[in-house]
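What follows is a single structure, written as structure tokens, with notes after it.
The values are calculated or read from the model by the stated rules, or taken from the named source; none is laboratory data. None of these values were measured; they are calculated from a predicted model. So basically every Cβ, Gly included, is an ideal-geometry build from the backbone, and we count neighbours across all protein chains shown.
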Amino acid sequence: NNVCLDSDADMCDDCTSGSFNPLADGFDNDSDGLCDIGDPNDDTDSILDSVDNCPFIANEDQADLDQDMVGDLCDPDADGDQVNSATDSNDLDANVCLDSDADMCDDCASGGFDPGSDGLDTDADGFCDLGDADDDDDGFEDELDACPLEVNLDPESDGCPAQINTDDEICIPVQTNSGEVTLVCL
């Protein structure tokens, strides 16, 4: 039985370590001489543990961005986006976390971790438009496409400005195998 007494009046039994030793009678997070069990304020901020949202790390402001009753300094997910602070690129913004699916869009764009809803995907190809070279999947890269968010296979009827040469032919940009862009006129 390790119960003996509390000679140092820190509300912890002096024999907790197995023998009488008032200096080793329990953890003392803030090194104030009071073991944590009997210490009303384990982090030495001005907030008592009973109402402190982060009782072992001093946080006077009690900031709690996601309002989960755990202070931001000791919250494993301070912004509440369901991504652990250790891997979250910005743990104080629920709309910014990481790009786990490598589509060049932040997986928290919707306010929480959801790689499937990380940005507009006009052509439903699994790549959000920000990281997709051809947003409408019509075969023309956006930088060459007169209407990058609308399939533009028939420039005369899709509402997009047609490219017309001096012979009134309709011309569309085509990227060659070498990467050059040429106009094919119809």
* Asked: Residues 79, 107, 30, 49: which one is of a type in the set (Asp, Glu) and modelled with pLDDT under 90?
  -> 30
* Asked: What is the number of the single condition among (1) modelled with pLDDT of 95 or more; (2) buried (at least 17 other Cβ atoms within 10 Å of the Cβ) that residue 91 does not meet?
  -> (1)
* Looking at the range 1-57, which of its residues are surrounded by 15 or more Cβ atoms within 10 Å (Cβ to Cβ) and at positive phi? -> 11, 26
* To do: Starting from residues that are assigned to a loop (DSSP other than H, G, I, E, B) and farther than 18 Å from residue 179 by Cα, keep the ones in the range 125-136 and report whichever is modelled with the lowest pLDDT.
  => 126
* Structure fact -> With the first residue restricted to the range 89-104 and required to be closer than 16 Å to residue 119 by Cα and charged (D, E, K, R), and the second required to be at pLDDT 90 or above and in a loop (DSSP other than H, G, I, E, B), Cβ contacts under 7 Å at 6 or more apart or on different chains are 99/106; 99/107; 101/107
* Is it true that some residue in the range 45-61 is in contact with a helix residue (DSSP H, G or I) (Cβ under 6 Å, 6 or more places away or on another chain), charged (D, E, K, R) and over 30 Å from residue 6 (Cα atoms)? -> no
* Do we find a residue being touching an Asp or Glu at 6+ places or on another chain (Cβ under 8 Å), within 30 Å of residue 147 (Cα to Cα) and not in a loop (DSSP other than H, G, I, E, B) anywhere in the range 105-112? -> no
* Structure fact -> Of 15, 74, 97, the only residue that is farther than 28 Å from residue 111 by Cβ and not hydroxyl-bearing (Ser, Thr, Tyr) is 15
* Asked: In the range 127-144, what residues are over 20 Å from the mean Cα position of the chain (by Cα), small (Gly, Ala, Ser) and within 15 Å of residue 102 (Cα to Cα)?
  -> 133
